[in-house]
Amino acid sequence: MKKFFIISFLFIICYSCVKNKEEIEMVYPIPTERQLSWQKLDYYAFIHFNMNTFTNKEWGYGDEKPNQFNPTELDTRQWARVAKEAGMKGIIITAKHHDGFALFHSKVSDFNVVEATPFKRDIIRELEQACIEGGLDFGVYYSHALDWRDGGDSGMKDYGPKNPKDRKQA
């Protein structure tokens, strides 16, 4: 008799776990295809390599001396190789941050790695090529909303301190 109850109990539990034959109603909002593909991106590197790498400041304000930026041993292929070996699927790099310094040859400002520094190389183009060669996705972050050097701020001047140098360092 005890066996009968145990078997009956297990049968009831197993039967209750079977999917309900009624259609389950969707819970909204449903992610778009683009959102779903973003979730599958997995593991990426985000590189913030800029003027403040050489000035030991958290924030750059566009008043740095460009001759300070001269990474003579820079090897973007090494970055791509290490990212790939770590299992990353791609690299995103800050192309220009709030200080206005561009890691590419800009046609809008001479405060860029090619024109203003002794380095004279387009880091964004080099990293893009390294990612292509390494089979990695490549993307850039570009601070278009705020540029403390050339004044482009998309209305952001109304937020925070009037003088960016008054900003408290973390």
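Quick notes on this one:
- Per residue, the solvent-accessible area of the stretch 87-137 (1.4 Å probe, heavy atoms of protein chains only, all protein chains present) comes to 42 Å².
- Among 65-75, 89-99, 51-61, the order from most to least packed when residues are scored by Cβ within 10 Å on average: 89-99, 51-61, 65-75
- All Cα-Cα distances of the stretch 19-124, cut into 10 Å bins from zero to the largest, leave 13, 33, 24, 15, 8, 5, 3, 0 percent in each bin in turn.
- In this structure, the residue pairs whose Cα-Cα separation is over 20 Å, taken from 57/84; 65/120; 65/96; 84/120; 57/120; 57/96, are 57/84; 84/120; 57/120.
- Normalising the average separation of contacting C-alpha pairs (under 8 angstrom, six or more residues apart) by the number of residues puts the relative contact order of the stretch 31-123 at 31 percent.
- Fully extending the segment from residue 107 to residue 42, taken as 0.36 nm per residue of separation minus the present Cα-Cα distance, adds 20.0 nm.
The values are calculated or read from the model by the stated rules, or taken from the named source; none is laboratory data. Since the model is a prediction, treat every value here as computed from it, not as a measurement. Backbone-built Cβ (ideal geometry, glycine too); neighbour counts: all protein chains shown. Remember, those area values only see protein heavy atoms, side chains included, never the ligands or the DNA or RNA. Shrake-Rupley method; radii C 1.70, N 1.55, O 1.52, S 1.80 Å.
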